[in-house]
Amino acid sequence: MMNKILFISQDPGGTNVLIPIIKGIGNKYHFDVLAKDSAGSIYRRRGIPFTDIGELISSCDIEILEKILKTFSPDIVVTGTCATDFLERNIWMAARSLRIKSVAVLDSWCFYGLRFSNYTFENDDSYISSEQFPYLPDQIFVMDEYAKAQMIAEGIDPNLIEIIGQPFLEELREVYKNISQIEIESYKKQVVGNNKKKIIVFASDHLKDCFLPSGIEYWGYDEESIFYELYESMIETCDNPEGYVIVIRPHPKEAAGKWDTIARMTEGKGIQIVIDGTTKAELVIAAADLVVGMWTMLLLEAVLADKRILSVQIGAKRRAEFMLTDRKLIEPIWDKTNLKKQMREYFLGNDNIGKVRWSIKGDAVNKAILKLKELMDN
């Protein structure tokens, strides 16, 4: 009888990292996919059949999730790792109670221990590394040695951690190689209206209403404050505003229309603003000359596409976990003076502004599938 795998995810990062594994499995195993929140739209866009878990249950209590697992009867459960609620964590516990093996696939280099703790973003100030972790799957797939070391430093048992790579980023790297200049010029004509303009992508992070009491009080900045800092620095340093356009890329979790008012407030100041949350992110990044954000995953994706990036964290009250800064591959911009200086250099044609050298190893999908087979066989 063919083994059965149940995939479960809810946030964009956790969903994207599972999709290459799901596609790689093909007909090797029977599988089902459960989606919560923004995961559904991503699975739909990528052509992955799924069931909205919200149509099956009204809460994510362990007892209710046990009933779900009994219905699907998998040999193994594979999930993302979300830091905003307890769906995945309770799934691991429900699976353990039913003697079903579980695997969590890490998608990014941050919040290593928080994902397995009693805490979420809302109360992560109370989280202390090296404490006990009440929510642990049977195996945790991570991206590289650095991620493994960080998890161990926070107190997670190294025997639970398996390095496989980052399936989504590896897949994405190949996607970028196949985007043609014709596609890029067509995108610029369609969305920007002029294929000669240089595009500066502002990659939003969902901070404003994701942290208590607010993103700006918690971090010292949020997506809106950083956008204004970027826009004002461009107005003050760009001598050729008609040659540039800012494309705001909303975070998938942000409410529709959130950026409309902000874009209207900047009308008439000289630099065109376009809001684009519908075009494939890969094409938006491929068309960019510069990608600016805080510590969104889109900055990592842009590096894989050989794009220049800036991490702007003006007003920071605390350090954000971000792999490129943690590994000293980039230095965030902490103050307005430095931002204006770098933007001025960028507009003057300094090709070194925002240049980052980093790559990711391959074969993550095959490693993941082989490890899943090993876990199911044993």
>> Which residue is modelled with the lowest pLDDT, if the candidates are limited to the stretch 68-93 and must be of a type in the set (D, E, K, R) and assigned to a loop (DSSP other than H, G, I, E, B)?
In response: Asp85
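Can you tell me which residue in the stretch 259-284 is surrounded by the fewest Cβ atoms within 10 Å (Cβ to Cβ), limited to those that are without any contact (Cβ under 8 Å) to a residue 24 or more places away in the chain and not hydrophobic (A, V, I, L, M, F, W, C)? If you could, list the steps in order and put the result at the bottom.
We begin by selecting, within the stretch 259-284, every residue without any contact (Cβ under 8 Å) to a residue 24 or more places away in the chain; these are 260-261, 263-265, 267-268, 278, 280.
Narrowing further to those that are not hydrophobic (A, V, I, L, M, F, W, C): 260-261, 264, 267-268, 278, 280.
Working: Asp260: 11, Thr261: 8, Arg264: 10, Glu267: 9, Gly268: 6, Thr278: 8, Lys280: 13.
Taking the candidates together, the pick is Gly268.
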>> Residue pairs, Cβ under 7 Å, 6 or more apart or interchain, first in the stretch 212-237 and in a helix (DSSP H, G or I), second hydroxyl-bearing (Ser, Thr, Tyr) and open to solvent by 10 Å² or more (accessible area, probe 1.4 Å). List them.
In response: Ile216/Ser225
>> Show the residue pairs meeting these rules: Cβ distance below 6 Å; 6+ apart or different chains; first residue within the stretch 326-345 and under 25 Å from Ser359 (Cα atoms); second residue assigned to a loop (DSSP other than H, G, I, E, B).
In response: Leu329/Val356; Leu329/Trp358; Ile330/Val356; Pro332/Gln313; Gln342/Ile353
>> Whether any residue in the stretch 125-139 is assigned to a helix (DSSP H, G or I) and either out of contact with any Asp or Glu (no Cβ under 8 Å at 6 or more places or on another chain) or surrounded by fewer than 16 Cβ atoms within 10 Å (Cβ to Cβ) (or both) is what I want to check.
In response: yes
> Could you say which residue among Ile179, Ile200 is part of a loop (DSSP other than H, G, I, E, B), in contact (Cβ under 8 Å) with a residue 60 or more places away in the chain and surrounded by 15 or more Cβ atoms within 10 Å (Cβ to Cβ)?
Replying inline: Ile179
> Going by the conditions given, is Ile57 over 26 Å from Glu145 (Cβ atoms) and not hydroxyl-bearing (Ser, Thr, Tyr)?
Replying inline: yes
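Quick test for you: out of Leu34, Leu65, Leu6, pick the one residue that is hydrophobic (A, V, I, L, M, F, W, C), open to solvent by less than 30 Å² (accessible area, probe 1.4 Å) and in a helix (DSSP H, G or I).
Leu65
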> Take the residues of the stretch 140-164 that are of a type in the set (Val, Ile, Thr) and either assigned to a loop (DSSP other than H, G, I, E, B) or open to solvent by 50 Å² or more (accessible area, probe 1.4 Å) (or both): which is nearest to Ile369 (Cα to Cα)?
Replying inline: Ile164
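Suppose we keep only residues that are in a helix (DSSP H, G or I) and within 19 Å of Glu224 (Cβ to Cβ) within the stretch 294-311. Which one would you say is farthest from the chain's Cα centre (by Cα)?
Restricting to residues being in a helix (DSSP H, G or I) and within 19 Å of Glu224 (Cβ to Cβ), the top hit is Leu299.
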> Of everything in the stretch 337-378 that's closer than 15 Å to Ser311 by Cβ and either surrounded by fewer than 15 Cβ atoms within 10 Å (Cβ to Cβ) or under 26 Å from the mean Cα position of the chain (by Cα) (or both), which residue is modelled with the lowest pLDDT?
Replying inline: Trp358
>> Can you tell me which residue is nearest to Ser214 (Cα to Cα) among those in the stretch 110-124 that are open to solvent by 10 Å² or more (accessible area, probe 1.4 Å) and part of a loop (DSSP other than H, G, I, E, B)?
In response: Thr120
> Could you give every pair whose Cβ atoms fall below 7 Å, whose first residue belongs to the stretch 18-37 and is within 15 Å of Phe168 (Cβ to Cβ), and whose second residue is assigned to a loop (DSSP other than H, G, I, E, B) and open to solvent by less than 40 Å² (accessible area, probe 1.4 Å), counting only separations of at least 6 or pairs across chains?
Replying inline: Leu18/Gly80; Ile19/Ile48; Ile22/Ile48
>> Residue under question is Leu310, and the condition is that it be touching a strand residue (DSSP E or B) at 6+ places or on another chain (Cβ under 7 Å) and either of a type in the set (A, V, I, L, M) or under 23 Å from Phe347 (Cα atoms) (or both); does it hold?
In response: yes
> Do the conditions hold for Thr15, that is, is it β-branched (Val, Ile, Thr), open to solvent by 10 Å² or more (accessible area, probe 1.4 Å) and over 20 Å from Met93 (Cβ atoms)?
Replying inline: no
> Given Ala287, Ala256, Ala305, which one is touching a Pro at 6+ places or on another chain (Cβ under 9 Å) and either open to solvent by less than 70 Å² (accessible area, probe 1.4 Å) or of a type outside the set (Phe, Trp, Tyr) (or both)?
Replying inline: Ala256
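Take the residues in the stretch 48-62 that are more than 14 Å from Met93 (Cα to Cα) and touching a residue at least 24 places away in the same chain (Cβ under 8 Å); name whichever of them is surrounded by the most Cβ atoms within 10 Å (Cβ to Cβ).
Ile53
The values are calculated or read from the model by the stated rules, or taken from the named source; none is laboratory data. As the structure is a prediction and not an experimental result, all values here were calculated from the model. A quick note on method: Cβ atoms are made from the backbone with ideal geometry, for glycine too, and the neighbour counts reach across all protein chains shown. Only protein heavy atoms, including side chains, enter the accessible area calculation; ligands, DNA and RNA are left aside. Shrake-Rupley method; radii C 1.70, N 1.55, O 1.52, S 1.80 Å.
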